[in-house]
Every structure is written in structure tokens, then in C-alpha cells.
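Scroll down for the structure; my scribbles are underneath it.
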Amino acid sequence: MNDPNGPVRIDGRYHLFFQYNPSAATWGDIGWGHTTSDNLLGWTEHPIAIPRTDSTMIFSGGVVIDSLGTAGLCSGPRCLVAIYTAAHAGTRVQNQSLAYSDDGGVRWTQHAGNPVLDIGSREFRDPFVFWHAPSAAWIMTIAMATDHAIRVYRSPNLRQWELASEFRGMGATGGVWECPVLVALPDHATGARRWMLKIDLNPGHVAGGSGAQYFVGDFDGRSFVPMDTTTQWVDFGPDFYCAQPWQPANEDGTVTWIAWMSNWTYAADIPTGPWRGLMSLPRTVSLRERDGRAMLVQQPIPVRSSDNAPVQQFSARNQILADPTVLDIQPGRAFEVEWRIDAGGATEVGLLLRHSAQQHVLISYDPVRSVVAIDRRPGGSSVHPQFEARYEAPIPRDRIATLRLVVDASSIELFAGNGATVLTALIFPDPGSVGLAIFSKGGAVRSVDLSVWPLRSPTAP
Ligand code: FRU
């Protein structure tokens, strides 16, 4: 699988559709897979929701709840309309089409009047649609992939679309633009809402290959105007692509989004089987002001439950930790870490995850430059020449750095500074490398406090 599509919540249940190839563990024959969850952690997979046809693949898009029946396809609280890119074999034209479900996402029917938006382009994809109450219209953001432009369209009925504006001439343009999302987010402190436009690009991301940038600004129902035109990165790691938020938003105005956890540079090479392709943890997203700029804040949904093994801890004060100091902690292959560091005289403090005599993945904190990094070069896998790399990100300057990590069998999600900085990276260590070690360099570290919770597999409710 690749991109998440149309995350939607109905009757308290979370639905997720996704780019899915049922015939091979590489990209091709793409349609929409379907899975549901009551808690965003344990998932039940369902039959393919929207399969490809002989002439069309079903590319990325969104899902809306059309309870008022504006499209005339169905109505009521279980009426879902999917808006996706139909990628036509032969002509290679990409146009926008609808499918609908009147039973809350189980059975889907193609709209007889497809396509609903066709400009004859081969690079016009990934519609994201939501209801904009202040201007009483459906809004679509969609990528003109090779033009590095995001178009905004408006519609009263999901079938007729009027071009309202174009966002272009800004941001990182090292590769094609894909999977735009426009969403209102609350400021963490004040609750005031601002609009955020997220645009994925491939390649050209700060970590190499595919990844996402974002802008914060205003949206009046027609155009998005950024307050700051410099690119900001959603995630400084290599493996977070084409995120989409669940609709409707959470009650406190935040949204929860999820992304494909891979990178087009090596997606076809990752050493898993029979499956290939995975999703990130769902993350709660809001904004926070830092240095006069509104910045994205992302926190993983809670992953610990009462069935998880009890916490294991390690603390040290005023000492240099030998490189490496192997800890008497058995985290297993999936675990959560909370790590607080008051560096004191140390110039680097590091955590070796999935450690054994042969390999580890290194998480390091540099208090002088105020950066954190994931280095997967010592990780023992040879996936692809561009996979063996180190990824670095700035974190807010603070006397005590607080890092939170969720590690699963083949992934690390690192959240620093209360979610101000995120790094996501796949890892493929040997299954037997399950140790944990720590070190400090340059001088005595004032304090290190580490809490580790081994995690069990969630069961689908
Ligand atoms: C992004 C993407 C989208 C497209 C889909 C096809 O990963 O290239 O632009 O809709 O994948 O699977």
C-alpha cells in the first residue's frame, strides 16, 4: 500500500481507505483498500472499497459525509462520497471522479456522471475536499503536480466545480507536488484558528526523496494566503508522506492525521513480506507560536494501555556515561520511551535502540546546536543506497530536552519539544537486536531520566 485516503469518522468508528495493490507487493493495479478501527490502533481490514477497472486506476483522494445529500447520490449520516483521481490507461489523463456509499463505507457505487472535473491534464491529482461553513461550499485542493501549483475549487454539490484560486511560486519545488491538504487548526495556547496548507513533494524533501512541507495562513473560502512563505517541514525524517486528517475534526478543533510511512526512493525495496507499505501512528495536530511563527505541533495518539508491561526506568546524575552503557532494560521490539536530558557539560547524549553487539539505531541529542538526529547507518540493513543515512532536526532550545519515541518492529517515530519537531524513520534491524544502551560525550551530563514501556500488539476491537 501507499497513501492514506479519505479518513472519515462515522458513528464513532474510524474508517481509513488507502492506495492498495491487491496483485503484488509493489506499486500497480491501484484501487482503494479499506480498514476500520474503534481506537486508531487495532484495525480490521475489509474487502477492497473501490477497485481499479480495466481502463482506470483509482488514485488518491478524500471522502466526505454528505448528510444533506448535496450531490444527489445519497443522504443521511451514513452517506459518504469519495472524490478520487481516475488515472486512465492509454490517454494517461488524470481526472476527478466520485463514488458513493449509502451504508457508511461498505459498498461503493461509481457516479454515472464521472468524471466531475477534467482539464485534460496528465498531472492533476489528489483532491482533498471539505465543507467550508463560512462560505457554504465544498472546497477542493488539488495538485498540478509538475507545475508546482495547488488549485482551490469550490462546489455546491461535489459535481460542478469552479476554479477559485491557485497557490504557486512558493515553497520547495525539487520534485512533483502531490497530496495537498488545507485545514483549520487551533493554536495550542490561545485556541485561535489558522489555516495550514500541507503539500507533499517527491523528490526534494529535506531528508531526501519524498516528504511534506507546510505553510500557515488565512483562507477566505477562495484563496489561501500564507503569512510566511518559507518552507517548513512537517517531519524531518524520510518516512512520512501524503498525510490526511480524519473528518470531522476532533471536538477541541485539533485534527488527527496519518501518513504513509515510507519513501518513494526505496519503497519497492523494503525487506518485508508478504506485505509492503505501512502507515504511521495517527497524530494529533495543532499549531504553536515559536519565534513569532505559527508552527505545527504533532503528538502521537496514546499507545500505552493497561495490558502493556510496566515501565522500566534508568536515571543518571552528574556523570559521563561510557559509550555504550548497556541498560538493564528489556524493551522488546515495540516500546515507547520518554527521555529527559539536562545536558550540563555534555556535548552529545545518545541512545542506541535495537542494540546488539553487531548493530543499533542511534538517536542523538546535541545540546550545543540544539538538534536531534536518527542515524540508521549502524542499523544493519542494506535496503537501498539512500536508506543508510542520518537525519537531523532542530528542536526548541530548552535547558531540559524532552524526547518521546515510539519504536515498533520496523519503525521509529521521534517527537521532541512537545511535538514541535518530529522525525519518522523505518528501520530493519535483526529481530534479535532488542537491547538498549546510552552514552554521553564531552563532559558530565547533569541528568538523564529514561522511562521505557514495552508495548504489546493492539487487538482489533
Ligand atoms: C503519492 C501518489 C499520488 C497518487 C498516488 C498513486 O504517493 O503518487 O500522487 O495519487 O500516489 O498511487
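The values are calculated or read from the model by the stated rules, or taken from the named source; none is laboratory data. Note that the coordinates shown come from a computational prediction; the quantities given were computed from them, not determined experimentally. FYI the Cβ positions are ideal-geometry reconstructions off the backbone, even for glycines, and counts take in every protein chain you see. Note: accessible area is taken over every heavy atom of the protein model, side chains too, but ligands, DNA and RNA are not part of it. Shrake-Rupley method; radii C 1.70, N 1.55, O 1.52, S 1.80 Å.
What to note about this one:
- Filter result for residue 333 (assigned by TED's automatic domain parsing to the domain that holds residue 42 and either modelled with pLDDT under 95 or surrounded by 20 or more Cβ atoms within 10 Å (Cβ to Cβ) (or both)): no
- Residue check for residue 189: small (Gly, Ala, Ser) and either within 16 Å of the ligand (Cβ to nearest atom) or crowded, with 20+ Cβ neighbours inside 10 Å (or both): no
- Any hit, the stretch 416-424, residues being outside the structural domain of residue 214 (by TED's automatic domain parsing), without any contact (Cβ under 8 Å) to a residue 12 or more places away in the chain and surrounded by fewer than 22 Cβ atoms within 10 Å (Cβ to Cβ): no
- Condition met for residue 63 (at pLDDT 95 or above and in contact with an Asp or Glu (Cβ under 7 Å, 6 or more places away or on another chain)): no
- The set of residues from the stretch 77-107 being open to solvent by 20 Å² or more (accessible area, probe 1.4 Å) and either more than 26 Å from the chain's Cα centre (by Cα) or not assigned by TED's automatic domain parsing to the domain that holds residue 151 (or both) comprises 77, 78, 88, 89, 90, 91, 92, 93, 102, 103, 107.
- Sole exception among (1) surrounded by 23 or more Cβ atoms within 10 Å (Cβ to Cβ); (2) of a type in the set (S, T, N, Q); (3) within 30 Å of residue 79 (Cβ to Cβ) for residue 262, by number: (3)
- For residue 370, the conditions (1) at pLDDT 95 or above; (2) within 23 Å of residue 280 (Cα to Cα); (3) polar (S, T, N, Q) all hold with the exception of (2).
- Residue among 172, 184, 192, 249 that alone is of a type outside the set (Lys, Arg) and in contact with a Phe, Trp or Tyr (Cβ under 8 Å, 6 or more places away or on another chain): 184
- Test: residue in the stretch 201-216 that is within 14 Å of the chain's Cα centre (by Cα) and more than 16 Å from the ligand (Cβ to nearest atom): yes
- Test for residue 57: is it near the ligand (Cβ under 10 Å from one of its atoms), assigned to a loop (DSSP other than H, G, I, E, B) and open to solvent by 10 Å² or more (accessible area, probe 1.4 Å): no
- Of all residues in the stretch 1-36, those satisfying the criterion of being away from the ligand (no atom under 12 Å from the Cβ) and outside any strand (DSSP E or B) are 11, 12, 22, 23, 24, 25.
- Where residue 375 falls short, out of the listed (1) surrounded by 16 or more Cβ atoms within 10 Å (Cβ to Cβ); (2) over 30 Å from residue 296 (Cα atoms); (3) of a type outside the set (Ser, Thr, Tyr): (2)
- Extreme residue, nearest to the ligand (Cβ to nearest atom), among residues of the stretch 151-177 that are in a strand (DSSP E or B) and in contact (Cβ under 8 Å) with a residue 60 or more places away in the chain: 152
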